[in-house]
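The values are calculated or read from the model by the stated rules, or taken from the named source; none is laboratory data. Owing to the predicted nature of the structure, the values given are computational and were not obtained by experimental measurement. Cβ: placed from backbone, ideal geometry, glycine included. Neighbour counts: every protein chain shown. In case anyone asks, the SASA skips ligands and DNA or RNA and just uses the protein heavy atoms, side chains included. Shrake-Rupley method; radii C 1.70, N 1.55, O 1.52, S 1.80 Å.
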Amino acid sequence: MPDRYDLPAGFRWGAATAAYQIEGAVDEDGRGPSIWDVFSARPGAVRDGHTGAVACDHYHRYPEDIALMKGLGLDGYRFSIAWSRIQPTGVGPVNPAGLAFYDRLVDALLEAGITPLPTLFHWDLPQALEAPSSSGPTAGGGWLNRDTAYRFAEYAAVVADRLGDRVPAWITLNEPFVHMVYGYALGIHAPGRELMLDALPAAHHQLLAHGLAADVLREHGLQVLIANNLTPVRPASTDPADVAAAQAYDALHNRLFTDPLLLGRYPDLSAYGVGADLGGCVRDGDLKLITATPLDGLGVNYYNPTRIAAPTDPALPFTEAPIEGVPHTAFGWPVVPDGLRELLTGLRDRYGAALPPITITENGCSTTSTLDDQPRIDYLAGHLDALAAAVAEGVDVRGYYTWSLLDNFEWAEGYHQRFGLIHVDFETQVRTPKASYAWYRDLIAAHHARHAG
Ligand code: FCB
């Protein structure tokens, strides 16, 4: 296969997963319940009542999964750590068996020549931090509660103490935007709150948690990243009302997270009737805490651009408009590879010298086909072309982690959306590499061969 992606020698190729989506073993070795165990047990919350109770059984099958990663020739593997395996109620005593699992995982990855890239929080908050029993250790409320940020920093210290000698770079949070909107504003994900704009404290407290944990990681001599879901926002027309709506959406989806992280201030949210203190949750000194430890890298999760028109409902200052005339994934997401180039060059233009090196921490698509997944190959190839074009335009991108290694539990969609390079039969747990697995393996090998010697 021709090596058409002219990326630098040290560019790192990886694949990504998350704990609740693959591990299963939810009652084993002292793991406490997370908000996803509770949410997925709620009738109607997840399609067909699916849960992550077994998922890919990765907790037991990780040696087989690492062998498959080795077969791909991955440089890095992005996974997440389940907080409730480490501290079953999110606070206090450490569960040694939970910590030992990630210890074994890290050693097995290193043995296979793969650099672990852990994410500390990928949406599976310990349930006790959301809704404690009456004698529980916290007031609950999950990320609506400022205290959760401090608990997160304590948890970060526990894992950094144990794994920091072997794991150089860490991602604090995964997609605080999606967690806030789906989990707290719309109720589509755990914890299932429907607070609309009153969900904003969940954004601020996640960012505060990032800042506090980043400090802890840096004290351990570790590199710090955060993974945001970012989207280039396109106005539906040149009509000023559509343009203003697009700016308002961009402020909420993208700048609400990247502005405080990179510029130390919140964007203008006046279109939402909200001031710079996000409705009162931002205290003096918080933005300093968020930025105290500069990022070593920005993780970018990219799936598609967003097209925005003037509002049709007075509750929000925008309406999402469909993107027509392009293919759509099995999930119904528009396939617009050049959106990745647009996003990356846009970040460079907006943040300039304040922008740290970028790693693509997720990109991929769900397909209906099983093993012959040509639509996935086309999706990945198009996005890697766009990535290479951004690099050629001077954007510093250091790595690419495709979502996902394995078919897995896709949140509210259950097992219906298959994002993996590897097919999983959820009845038998048999793993079968798809056509995209061989394609990605050859691409990685071609990159390394070109830069060898
Ligand atoms: C992202 C999530 C990831 C996965 C993909 C498809 O928003 O971070 O866990 O569900 O979407």
May I ask you to order 380-386, 395-401 by the average number of other C-beta atoms within 10 Å around their residues, highest value first? 395-401, 380-386
Within 10 Å, Cβ to Cβ, of A209, how many net charges do the neighbouring residues add up to if Lys/Arg are +1 and Asp/Glu are -1? +2
Using the Cα centre of the chain as origin and beta-carbon charges of +1 (Lys, Arg) and -1 (Asp, Glu), tell me which of L380, T345, P33 is placed farthest towards the positive end of the dipole. T345
Taking every DSSP beta bridge that has both residues in the chain, what percent is antiparallel when rounded to the nearest 5? 20 percent
Kindly write out, for the stretch 211-224 in residue order, the coupling ³J(HN,Hα) from the Karplus curve 6.51 cos²θ - 1.76 cosθ + 1.60 (θ = phi - 60°), rounded to whole Hz, with x marking Gly and Pro. x, 5, 6, 4, 4, 4, 5, 5, 4, 8, x, 9, 7, 10
Apportionment of accessible area to carbon and sulfur, the stretch 192-324, percent (1.4 Å): 50 percent
Note down the magnitude of the dipole of the stretch 264-342 about its Cα centre, charges +1 on Lys and Arg C-beta and -1 on Asp and Glu C-beta and zero elsewhere, to the nearest 20 debye. 120 debye
Per residue, what accessible area does the stretch 258-337 have, given a 1.4 Å probe and all protein chains present, in Å²? 47 Å²
A 1.4 Å probe over the protein heavy atoms gives the stretch 66-117 a carbon and sulfur accessible-area percentage of 62 percent
Compactness ratio of the stretch 327-405: Cα Rg over 2.2 N^0.38 Å, N = residue count? 1.17
So for the chain, considering every pair of alpha-carbon atoms, how many percent are separated by more than 37 Å? 19 percent
Can you compute the charge dipole magnitude of the chain about its Cα centre, using +1 on each Lys and Arg Cβ and -1 on each Asp and Glu Cβ, nothing else charged? Give it in debye, rounded to the nearest 20. 520 debye
One-quarter of the Cα convex hull surface for the stretch 1-48, in nm²? 7.2 nm²
How big is the stretch 207-253 along each principal axis, measuring the range of its Cα positions in Å and listing the largest first? 51, 16, 10
Please report Rg over Rh for the stretch 155-236, where both radii come from the alpha carbon positions and Rh follows the Kirkwood definition. 1.08
Roll a 1.4 angstrom probe over the protein heavy atoms and tell me the percent of accessible area of the stretch 328-430 that is carbon or sulfur. 51 percent
How big is the charge dipole of the stretch 136-247 about its Cα centre, in debye rounded to the nearest 20, if each Lys and Arg gets +1 on its Cβ and each Asp and Glu gets -1 on its Cβ? 180 debye
Provide, as a two-decimal number, the C-alpha radius of gyration of the stretch 19-165 over 2.2 N^0.38 Å, N being how many residues it has. 1.07
Please compute the net charge surrounding P311, taking Lys and Arg as +1 and Asp and Glu as -1 over other residues with Cβ under 12 Å from its Cβ. -3
Note down the nm distance, to one decimal, between modelled labels 7 Å out along Cα→Cβ at E320 and at A276. 3.1 nm
Counting only C-alpha contacts under 8 Å and six or more residues apart, can you give the relative contact order of the chain as a whole percent? 18 percent
